[in-house]
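Throughout, read-outs are computed from the coordinates displayed, never taken from laboratory work. Values in this document were obtained by computation on a predicted structure and should not be read as measured data. All Cβ positions, even for glycine, are placed from backbone atoms using ideal geometry, and neighbour counts span all protein chains on display.
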Amino acid sequence: MNAEGTSDEVVISYENVDKSFGSKVVLQDLSLQVRRGETLVMMGPSGIGKSVTLRHAVGLLHPDQGRVVVEGHDMSTIGQDDLIELRRRMGYLFQDGALINWLTVGENIALPLRENTNMTDAEIEERVAEKLGLVQMDGTQEQMPPSLSGGMRKRVGLARALVTNPEIVFFDEPNTGLDPEISMSVNHLIRDISERLNITSIVITHLVSCVMVVADRVVLIDQGRVFAEGTAEEFIHSKNERLQRFLAKPFD
Amino acid sequence: MNRLAQPLASAGYRVSLFLSVLARLHHVAKRRVMLMDQLYVGGFKVLHVVLLVGVSMGMVVALQTGLELARIGQQNSIGTLVALSMAREMGPFITAIIVAAASGSSIAAELGTMAVSEELDALEVLSIDRTSYLVVPRVVSLALLCPTLTILCDAVGIIGGGFVARSQLGVELPLYYDTVVEALQQPAEFIPVPKDVYCGLFKSFVFGIVIAVISCAAGIRARGGALAVGNATRAAVRDSIILTIILNYLMTWFFYQQ
């Protein structure tokens, strides 16, 4: 079942991925595919390896067994030049924003444009203002990250993830630390850019409200592998007891 | 096996980081804003410590050796001893220890905090070359700062020695000045700088690079939380000082062996 705007072309593919840190097994025979234009929501208890799964897709981690293929490139064997080129087409929202603390909000968002493009200062400033507007942070270019609240840092991180107009975006808990109103607007923002720009994305969230707005497909990760998979509707109406337990209680 | 593997991996990473910096030295112009910032932070903020320790070391060297020389009536040579001690050993070494403790620890803590708060990962995902962006300005700044601070340390040490020579040993300042200048006359082979000054500054240049590379590597490899940042900072200062001592001996042997 394909959602509107989703093609059958597989963009991200996890193939029987195993990953351990010391004696702790995090991913075990994880297999998962994301198609072009699809927004896949990943749910599961805290510490189960959802962020680890995302990090494999951008080459920050490599599987012990199996492979992760993104846009036809095996992320374990991809050459440095191809990796840089591929990452320039990606955006990544880190859990805590991961803003560079000595740069202003505007400089943080402009960083990938200044480093990797030939855009003029005026063009960069315009793009930064546009993305800050998207996350309802207009006029905050001169503020420093330490003076921002957790939710504001998260939104600046979101603006930075989107500033290059990426084709693939990874959102690691985009709603954490946001008040319900902003959280819902971020959900709609993700939905909106996914549809308008045909972005392929993986979203990690614990919020059913986020799942309902953004998901084309939902997977529940448990014990290092995909435990359940389906649309948001199928998840909500599932009779599976374990799945309902997950959906009914806050995971944190 | 693990006990051996970890230090080897750490040493290997430092060497590879140093080579990466060499390959990116031409990025310095692009990183000039951060370089200026690092020069200010690493230089201006430790200047008073270098000056204070330098002048006191010059005074102590003058007093300790001067009292012994006075017993055999050779106190007039005190300028020679102070000048050579400061230029060859004390200046470069004192400066390196202060820079390792102040600037090296600061670099390791800063990059370590970035590592544990995912900022380094963010740079990588943004396709920003973190060696060029973070490491090159820090290595270049310490490579420039260490010799500069050493010149100042040498100068205030010799001035401090002169003060002691005059007040404690009764050596007139013009005589002290003449013996200092005469001691530092030995020319270097290829450049028009006195050999002792040149060798001291070359040592300092190497110490600056070593401290910066070790500190950057320690910070970048920090994993975990605040504890990891503390460990990285401690390791950076400890390893910088150990390597400074070893390299100091080797370079002294190289420059002054007969």
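Taking the fewest neighbouring Cβ atoms within 10 Å as the starting point, the ordered list for B:Lys203, A:Lys19 is A:Lys19, B:Lys203.
Counts of other chain beta carbons within 10 angstrom of each beta carbon in peptide A:96-105 average 4. Lysine pairs in the protein assembly as shown whose alpha-carbon atoms fall under 27 angstrom of each other, counting only those eight or more residues apart or on distinct chains, come to 14.
Stokes-Einstein diffusion of segment A:1-147 at 4 °C, 1.567 mPa s viscosity, Kirkwood radius from Cα pairs, rounded to a whole number: 73 µm²/s.
Of the residues B:Pro147, B:Gly112, B:Pro174, the one whose Cα sits farthest toward the positive end of the charge dipole of segment B:9-253, with +1 on the Cβ of Lys and Arg and -1 on the Cβ of Asp and Glu, is B:Gly112. Considering segment A:101-226 at the alpha-carbon level, its Rg and Dmax are found to be 15.1, 49 Å. Count Lys and Arg as plus one, Asp and Glu as minus one, and take only other residues whose Cβ is under 9 Å from that of A:Arg67; the net charge is then -2. Note on chain B: with a GNM built from Cα contacts shorter than 10 Å, the maximum mean-square fluctuation among B:Ile72, B:Ile214, B:Ile151 falls on B:Ile72. For chain A, a crude dipole built from +1 on the beta carbon of Lys and Arg and -1 on the beta carbon of Asp and Glu, taken about the Cα centre, is about 700 debye to the nearest 20. Taken over the C-alpha atoms, chain A has Rg and Dmax values of 17.9, 56 angstrom.
When chain A is treated as a GNM, springs tying every alpha-carbon pair under 10 Å, which of A:Gln65, A:Gln136, A:Gln80 comes out with the largest mean-square fluctuation? Maximum fluctuation in the GNM of chain A, among the listed residues, is at A:Gln80. Each of A:Gly66, A:Ile84, A:Ile199 was scored by the projection of its Cα onto the charge dipole of chain A, and the greatest displacement toward the positive side belongs to A:Gly66; charges sit on the C-beta of Lys, Arg, Asp and Glu. Charged neighbours of B:Ala108, selected by a Cβ distance under 12 Å, balance to +2 (K, R count +1; D, E count -1). Using the alpha carbons alone, the radius of gyration of the protein assembly as shown stands to its Kirkwood radius in an Rg to Rh ratio of 1.12. Would you kindly state the longest site-free stretch of chain B, with sites defined as GluC sites (Glu not before Pro) in a DSSP loop (not H, G, I, E, B) surrounded by at most 16 other Cβ atoms within 10 Å? Counting at most 16 other Cβ atoms within 10 Å as exposed, the longest clean stretch of chain B is B:1-171.
Going by neighbour counts of Cβ atoms within 10 Å, the residues A:Glu115, A:Glu241 line up, fewest first, as A:Glu241, A:Glu115. Every Cα-Cα pair in segment B:138-254 was counted, and those over 20 Å apart are 57% of them.
When the alpha carbon gyration tensor of segment B:9-253 is reduced to an equivalent ellipsoid, the three semi-axes, largest first, read 39, 17, 14 Å. Under a Gaussian network description of chain B, with springs only between Cα atoms under 10 Å, the residue in B:Ala228, B:Ala108, B:Ala11 that fluctuates furthest is B:Ala11.
In this Cβ point-charge picture (+1 for Lys and Arg, -1 for Asp and Glu), segment A:98-165 has a dipole of about 400 debye about its Cα centre.
Distance from the Cα centroid of segment B:132-193 to that of segment A:68-115 is 47 Å (rounded to whole angstrom). In segment A:131-170, the alpha-carbon atoms span a convex hull of 69 Å³ per residue. Projecting the Cα atoms of B:Val33, B:Val53, B:Ser127 onto the charge dipole of segment B:9-253 (Cβ charges, centred on the Cα centre) puts B:Ser127 farthest toward the positive pole.
Placing one equal scatterer on every Cα of segment A:98-165 and applying the Debye formula, the log10 ratio I(q)/I(0) at q = 0.13, 0.17 Å⁻¹ is -0.28, -0.49.
Each Lys and Arg Cβ is given +1 and each Asp and Glu Cβ -1; about its Cα centre, segment B:9-253 then shows a dipole of about 380 debye. Just to confirm the filter: which chymotrypsin sites (Phe, Trp or Tyr not before Pro) across segment A:52-149 are DSSP coil and have at most 16 other Cβ within 10 angstrom of their Cβ? Counting only loop positions with at most 16 other Cβ atoms within 10 Å, the chymotrypsin sites (Phe, Trp or Tyr not before Pro) in segment A:52-149 are A:Trp102. Over all other residues within a Cβ to Cβ distance under 11 Å of A:Thr53, the charged ones net out to +3, with Lys and Arg as +1 and Asp and Glu as -1. With the biggest extent put first, the Cα atoms of segment B:84-156 measure 51, 19, 14 Å across the principal axes.
Other protein chain C-beta atoms within 10 Å of residue C-beta, averaged over B:111-123: 5. In plain terms, if you count all Cα to Cα distances in segment B:10-144 and split them into 10 Å steps from zero, the share in each step is 11, 30, 27, 16, 11, 5, 1 percent.
By the count of neighbouring beta-carbon atoms within 10 Å, fewest first, A:His206, A:His56 end up ordered A:His206, A:His56.
Using the rule -39500 (n - 2.57) for each DSSP H run of four or more residues, divided by the residues of the protein assembly as shown, the 222 nm mean residue ellipticity is -18000 deg cm²/dmol.
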